[in-house]
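One structure is given below, encoded as structure tokens.
Derivation of every value follows stated rules applied to the coordinates shown; laboratory data play no part. Bear in mind that the values here come from a model prediction, so they are computed numbers and not experimental data. When we count neighbours, we look across all protein chains shown, and the Cβ atoms used for this are built from the backbone with ideal geometry, even at glycine.
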Amino acid sequence: MQFFGGGSLTSVAPEVTPSPAAPPGTGTGANAQVLYVFNRNGVCLLYREWHRPLHTLDPTQDHKLMFGLLFSLRSFTSKIDPTTAEKGNLGVPLLPGQGCSFYSFKTNTYKLNFMESPSGIKLILITHPRTGDQRDSLKHIYNLYVEYVVKNPLYAPGTPIK
Amino acid sequence: MALAAIYSLFIINKSGGLIYYKDYGSARRIDTNDSLRLASLWHSMHAISQQLSPIPGCTGIDLLQAHNFDLHCFQSLTGTKFFVVCETGAQNMETLLKVIYELYTDFVLKNPFYEMEMPIRCELFDLNLAQVIHKDRVALLGR
């Protein structure tokens, strides 16, 4: 069963949510802990958690904080980028392809993998710190999103995925 | 494969203010105001990342991987942060950061004229730091 079910309500409890067919190279996908999908405006389209022992904030605040962090991090990386000679501006909102963007960061307890599509859809996958490069998995998830969500005629863009 | 070219080094005090910035070869040197802003931005993001952790006990971002560069960060027990912007895939940056931390404790903290949390203006620190960085470069790149 897919998570992005076309129109049907996937109200499955978090521990039971099955993951879609795993892309080659990631084993059983048992590593993923939390998944967020945001659109350009900061609306959280999808949030799934499989293993999250600690909840610091309530869900809406958590989503806002996550989106804010990514927004600022992108601004930061495009400004601190040592390989381009142009002077970016720090406060200016960036377009999806503009400036150097990061694809992952790691702390001692988790690793956050990030991908932004050209249309501004941001995918965030939080995993165990020792996980390898997840860019392909994120691309796979994005393809699923396109297949099942965008092409679903009953789906209104900008609303949470059900 | 040629290793570790560092592009720049930043040192941030515990309140988030920039106390040291050295550029070793970026395409464009960041001007002072911008470097101060970037340092405070990093300080806040480091703190926010701790709040978003799904597992208790997070101590902040250690490594940020971007398409054009990597950023390694080391936070001492007192809250001083050292971060280097380097090439993607650079090895041994954590060791380098620890060496820089040692130099900091030896030449900055033990300097009786240095005021805590103020920008670093210690010649010996600069000299030794330059030696460490260039020694690494020479050894690794053969130049």
Quiz item: Of the residues B:C122, B:C58, B:C86, which exhibits the maximal mean-square fluctuation in a Gaussian network model of chain B defined by a 10 Å Cα contact cut-off?
Solution: B:C58
Self-check item: Test item: B:42-52 mean partner chain Cβ contacts at 10 Å
Solution: 5
Quiz prompt | Peptide B:64-75, shielding by other chains (average Cβ, 10 Å cutoff) | solution = 6
Quiz item: What does the charge count near A:T127 come to, summing +1 for each Lys or Arg and -1 for each Asp or Glu among other residues with Cβ under 14 Å from its Cβ?
Solution: +3
Quiz prompt | Rounded, prolate or oblate (a/c below 1.5 giving rounded, otherwise prolate when a/b exceeds b/c) for region B:54-110 by Cα gyration tensor | solution = oblate
Quiz item: What relative contact order, as a whole-number percentage, does region A:97-162 give when Cα pairs under 8 Å and 6 or more residues apart are counted?
Solution: 21 percent
Practice problem: Find out how many positive minus negative residues lie around A:L35, taking Lys and Arg as positive, Asp and Glu as negative, among other residues whose Cβ is under 12 Å from that of A:L35. | Solution: +2
Quiz item: What number comes out for the charge environment of B:Q75, summing +1 per Lys or Arg and -1 per Asp or Glu over other residues with Cβ under 13 Å away?
Solution: +1
Quiz item: Across the residues of A:98-105, average count of Cβ atoms on other protein chains within 10 Å?
Solution: 5
Exercise. With a ≥ b ≥ c taken as the square roots of the eigenvalues of the C-alpha gyration tensor of region A:33-100, please select rounded if a/c is under 1.5 and otherwise prolate if a/b is larger than b/c or oblate if it is not?
Key: prolate
Practice problem: Could you tell me which of A:L54, A:L95, A:T127 has its Cα farthest along the dipole of the protein assembly as shown towards the positive end, charges placed at Cβ (Lys, Arg +1; Asp, Glu -1), taken about the Cα centre? | Solution: A:L95
Practice problem: Please find, in a Gaussian network model of chain B (springs between Cα atoms separated by less than 10 Å), the residue of B:S40, B:S15, B:S53 whose mean-square fluctuation is greatest. | Solution: B:S53
Practice problem: Under 1.5 on a/c is rounded, so check that first for the protein assembly as shown, then, if it is not, pick prolate when a/b is larger than b/c and oblate when it is not; a ≥ b ≥ c are the square roots of the alpha carbon gyration tensor eigenvalues. | Solution: prolate
Exercise. Please tell me which of these pairs span more than 25 angstrom C-alpha to C-alpha: B:K22/B:K110; A:K64/A:K162; A:K111/A:K139; A:K106/B:K98; A:K106/B:K110; A:K79/B:K110?
Key: A:K106/B:K110; A:K79/B:K110
Self-check item: chain B, Cα convex hull volume normalised per residue, Å³
Solution: 123 Å³
